[in-house]
Structure formats: C-alpha cells, structure tokens
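Colleague: What follows is a structure written as structure tokens; I'll ask about it next.
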Amino acid sequence: MKKGKHVLWGNYDLSLEEWHDFLEDNCLLEEDEEYQEDAIRSMNDDYREDEEYALNDIEKNLPNGWSIICIGSLGLWDGVHVGYKFIKNLSDALYSDDDYYELYCDGYHLRARGSHHDGNNGYTFLLFSGNKDYLTTGEDKFLYDLVYGHHISKARWHKYTRSIRPYIKDYYGWR
C-alpha cells in the first residue's frame, strides 16, 4: 500500500454537500442553512476534540528527551517567511490562528496547511533532539541555518530531527 495522505482533522471541507450524510442521519435536512452550518461546525469541533485525545495518547509513546518543533512557511502580507517554534504538547498541532486549517500525515511527516486573509501557511511537526530550553551550540546553529535557508545536509537533518509520523501510524494501524 502506498503511503498516502491521512487527514487527522481539518475545517476546509465544511460544505453542506460534503456533510450531506451527517445532516440526513441527524434529521437536519429540513432545517435552515444557518442551523445546518452550526451543526456541522459543532460536530467538526467534536472531531477535533476526539483527535486531541488521540494525539495525547500518541505523545505518551514519543521518546523522552526530545522536544516537538513546528517548522513553518508563513505567507504574510510582506512575503513568505520561515520560522519555527516549540510546542508543549502534540495536540497543540491541532490549533492554529489560520481561518482554515488541516492537520495530516503524508508519507513522511506530520504536517498542516492553513489559509488566512494574507496567504497560505505550511507546517511540519518534528521531534527535535535536546531540550528546547537549553540548546547546544550545534542545535542552535541547525535552527539558525534552517530559518535562514542555509544548506542542511541529510546527515545533519537526521542528527537533530525525527519524524512523528511513525508513532501516529502505529497508533492508527496505517501501513
């Protein structure tokens, strides 16, 4: 089986057409459109809460001593910028200030895409070696090179990062 995209949660496809079965199963087809949209958003929020519990379970299996880092390409009013931030919990990956957001696993990593009035954002969530509060010189230089677009060798990339996808894959039983 080919490694494909597995969406964990998103709010891009909240159209009445996409959610027709849900509306029908819950006897909401005769309700007004605004009521239907509220019901869809509410159910989608419940799905996000379910996913939050799952990610909290997955986090228990992550290796000790590694931090979770989010590397982002941010489409802002003044152009695209690259940055990173450490997140406290894996479930924090479900939350964003973007108007539309989707958290998914591709064949390699846990990623997210977001859209807002200024542009589009892309995020990759990784395990990062070491303690986020006490970076070694090598770790600090790695992040500097990452943000400022300097070349990072594959060996150096693998020294400081690991994919979170295998832990998610094992939890859900994906191939």
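Colleague: List the lysines whose Cα lies under 30 Å from the Cα of K5, skipping any in the same chain that are fewer than 8 positions away.
Modeller: In chain and number order, the partners are K60, K85, K88, K132, K154, K159, K169.
Colleague: Using each residue's phi in the range 66-82, evaluate 6.51 cos²θ - 1.76 cosθ + 1.60 at θ = phi - 60° and report the 3J(HN,Hα) Karplus result to the nearest Hz, with x for Gly and Pro.
Modeller: Computed from phi, the couplings for the range 66-82 are 10, 9, 9, 10, 10, 9, x, 10, 10, x, 10, 4, 9, x, 9, 10, 9 Hz.
Colleague: Rounded to the nearest 0.05, what FRET efficiency do K159 and D50 have when you use their Cβ-Cβ distance and R0 = 45 Å?
Modeller: 0.80
Colleague: Would you tally the net charge around I69, using a Cβ to Cβ cut-off of less than 9 Å, leaving I69 out, and scoring K and R as +1, D and E as -1?
Modeller: Once all neighbours under 9 Å are counted, the net charge is +2.
Colleague: List the relative contact order of the chain as a percent without decimals, with contacts defined as Cα pairs under 8 Å and 6+ residues apart.
Modeller: The normalised contact order for the chain reaches 24 percent.
Colleague: I87 to L16: FRET efficiency via 1/(1 + (r/R0)^6), r the Cβ-Cβ distance, R0 30 Å, to the nearest 0.05?
Modeller: Plugging the Cβ-Cβ distance into 1/(1 + (r/R0)^6) gives 0.35.
Colleague: Answer with a single label: of (i) 1.18; (ii) 1.09; (iii) 1.00, which was calculated as Cα Rg over 2.2 N^0.38 Å from the structure in view?
Modeller: Identified label for the calculated read-out: (i).
Colleague: Quick one: angle between helix 33-59 and the longest Cα principal axis of the chain, in degrees between 0 and 90, rounded to 10, please.
Modeller: 30 degrees
Colleague: So how much slack lies between W77 and D97, counting 0.36 nm per residue of separation and subtracting their Cα-Cα distance, in nm?
Modeller: Difference between extended and current length: 5.7 nm.
Colleague: I'd like the distance between the alpha-carbon centres of the range 115-175 and the range 14-59, rounded to an integer number of Å.
Modeller: Taking the Cα centre of each part, the range 115-175 and the range 14-59 sit 31 Å apart.
Laboratory data are not the source of any read-out in this text; all were calculated from the coordinates shown. Everything numeric here is computed off the predicted structure, so don't read it as measured data. So basically every Cβ, Gly included, is an ideal-geometry build from the backbone, and we count neighbours across all protein chains shown.
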